[in-house]
1. State all residues of region 342-364 that are among the aliphatic types (A, V, I, L, M) and either open to solvent by less than 40 Å² (accessible area, probe 1.4 Å) or assigned to a helix (DSSP H, G or I) (or both); if no residue qualifies, say none.
2. What about A464, is it open to solvent by 10 Å² or more (accessible area, probe 1.4 Å), of a type in the set (G, A, S), at negative phi and out of contact with any Pro (no Cβ under 6 Å at 6 or more places or on another chain)?
3. Among the residues of region 697-720, which ones are out of contact with any Phe, Trp or Tyr (no Cβ under 7 Å at 6 or more places or on another chain), open to solvent by less than 60 Å² (accessible area, probe 1.4 Å) and farther than 17 Å from M631 by Cβ?
4. Check off (1) modelled with pLDDT of 85 or more; (2) within 25 Å of the chain's Cα centre (by Cα); (3) closer than 20 Å to A247 by Cβ for L31 and give me the number that stays unchecked.
5. Where residues in region 370-428 are among the hydroxyl-bearing types (S, T, Y) and open to solvent by less than 30 Å² (accessible area, probe 1.4 Å), which of them is modelled with the lowest pLDDT?
6. Need a quick list: helices (runs of 4 or more DSSP H) entirely within region 669-783 having at least 1 residues that are at negative phi and in contact with an Asp or Glu (Cβ under 6 Å, 6 or more places away or on another chain).
7. If you scan region 451-461, which residues turn out to be aliphatic (A, V, I, L, M) and crowded, with 20+ Cβ neighbours inside 10 Å?
8. Can you tell me how many residues in region 57-70 are over 18 Å from A116 (Cβ atoms) and under 30 Å from the mean Cα position of the chain (by Cα)?
Amino acid sequence: MDLLTEVVGNHQSKAPCPVGALPPSRGLILLANRHGASLRPVDIERWLRLTRTVYRCDKADILAPGMHVQNVERYLNTAAELDLRLSLRTDATPPPPDLAAFRAAGLLDVFLCPTATSHLNEWLQACKAAGLPVRMQWTAPLDAGIDANAADMVTASVAAYDPFVSSGPVHDSKAELANLNALVSALRQRGIDADFLNVPFCLADEANRAAVVNSAQFFRAHTHYQAEAYALAAQLYERGPIAAAKAVQILLGKHALWENPIDSKLLPWIIERPWIRARAWALHKITRHFRTRTLPDVVDASPEARREALERRERQRQAAEGPVCGACSLRRICDQAPAPFRSALPGLSITAQPGDLVADPLHFAHGRRVYCDELDAQRLRRRETSEELAASARALMANRTADREISPFDYLVLNSPSDPVHGGVRWFSMTNTEKLSSPLADLKPPFTLAAVFGGGIAEYVGFALGRRARLMCPMTAFSHTVTLHVEEDGRYVLLRDGQPVVPVEFQGAYYVPPRLGSHVEPCFALWNIDGEIVTQNVRLWTPPEASKAGSNVRFSFLLVCTRYSRRLQASLLSIVNQQGIDLDSAEVVLAYVPGYDTSEDILRSFEVAYPQLRIVRSPFSESNAREKGFMINESAKLASGEWTVLLDADIVIPPDLLAKIDAVPEEVAFVAPDGRKMLTEEETAQILLGQAEPWREWDKWLEGPGEYRQREAKGVPIGYCQIVRTRCLDTVKYDEYGHFEGADYRFGVDMREHFGTETRLEGTVVLHLFHGGSQWYGTQRHY
């Protein structure tokens, strides 16, 4: 018992985190499948990258059964390069002799899932010697050698079954259930906040219900796994190494380069039926000329039809849940008794629990505070910084009447039946998809927007900002007031019933912005509505109306900057040193990733030094850093000038560029410089260090060393400097690849097709700062 206390107790967080306060950020990676077949090292490294870059996990368990433990150390350096911390998950067969080396290489902790206790003390001794925290999980059937007095000193989980644990048959399910309950009780009585996994609430002792972790809670609690990463591991655990390799490659390629529609269709088949890929590809080749389009079903929008559909759905639900679970007050939050549970503990009877219907997945867990590792503690500290913003929001709403109430008739529910009713809008949905409203308002920070979501329930509710930014939180009750409070500098906090919540991170298409930009059009976003729900009491607080900013702007510079902030400074200096043009007729719209480099600091410096220049921030998530097309398309909406100059952040423009654009005839919509001068590394260094100002001696710099490129790319104006009438951006968009290559050329071709051949500014050349080669797939340095 003393040993277990030392190993785990010394690593307990001094400030445990409340359940549900932080979303999971842990992935799961397999070294071998259920049958012991090993994955290739290159596929493991791809899976590590997928976990970090696509699922955005900052840590991951690497599942290494038996002798595979020895292979974990080789992946720790790769994970460190990705800023991903690894934990060792193992079945506690004999430990490696050099566990301290694992710790030195960055191993975060050890997750022991023993099927027997024979080597448990060896592992605990090794972890103690290496200074590694230990997490523990026992899975039915419990080994007779478990000492409850010792076990209750471990940060632990107790599971009826686990898809990654090969457990033997249970001979007496009732006795085994009693043993599981007794172990959870013993742990909790000794102060260890154990989780009780994969057990219906009705089969947990009443005193243990606070420990029961249902699936909704499992994927919302920081102590468990990120949902998509866990689901992929569970699927690939049953597949062979070749199928796993193909699945990981497709997923990684889908998010790193471009999405292959054939691969998107094949991915589920590879996971479920590896042999189908070849047949499917052949079928595609044969039938691709015979595709037909089908029209969607027409939705009857009458109230009677919707009511009938809701009643039909309720009958289907009751039939699916059965007479017992269908009548239970916990049916919304309980996983009932799925097939894996019935297989693990056969013959157990479930019972309906009386009382009012419970909707909150954390209903029994409120008040629980659970273990925080060092990464979660850092996230918790970042979350606690939002308390200051939350306090400001609460004070504002308590002491000031809203400046505006947004009427139910001020916005529409898009592509879904709805009813504007007195004080609100009733949404209807029969699917688990996302539903959106039209924009609620056209806003500039600071502002505070609050709304009540009630009269039903959805999985997530909140706000959509543009096509892919989402600020949403889980709906855990039948009614919530959700508030978005934004400061002038774009810092924000999302509150649910007055308390700050961490916005839900969605894998793939959606991202949580680190900061909001200078222009926001929030829409309601609701995910997986259970039949119907109402949005109501929509209130808006804004500062007194200021003078219309940007009303004199004629020229909008739109730049994308990811890790080019030093070059960005030189580019902006060339903009503010334009001749013959008032600076208040220009604006800079910058698409950037806050914290990625020093762009934010540079913008602030220009605001102070050149107050007449309008600065418009368009921040994005780190996951968008390579998506130049997407960043341009989203940021183009913020441009208010007649002309938009699409400019790379490493381009220095001539001092008379705007004057020349201003002289272009009215009928011209597309303009480009005559070429670019590629500067040498030595010349670039002088500019970046402030030792040279080429806009003051422009001809000298054109005559100096370096390569002059005129009318390259088959004469099509490409992305280093493309100048268009802003209205054209409503028609012609950038292709949205996961990299920089090719979209600018395609944009130039499309502009020609829609608006005619470009007008070249004869003799006008821009300077291209040296950056050491192509950065088409995303800059990794050059801050």
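The values are calculated or read from the model by the stated rules, or taken from the named source; none is laboratory data. Only a predicted model underlies this, so the values are computations on that prediction, with no experimental measurement involved. Neighbour counts run over all protein chains shown; Cβ positions are idealised from the backbone, glycine included. The area values use the complete protein model at the heavy-atom level, side chains included, leaving out ligands, DNA and RNA. Shrake-Rupley method; radii C 1.70, N 1.55, O 1.52, S 1.80 Å.
1. A344, L345, L348, V358, A359, L362
2. no
3. Residues satisfying the conditions are W698, W701, L702, G704, G706, E712, G715, P717.
4. (2)
5. S386
6. 743-755
7. Across region 451-461, the qualifying residues are A451, I457, A458, V461.
8. 6
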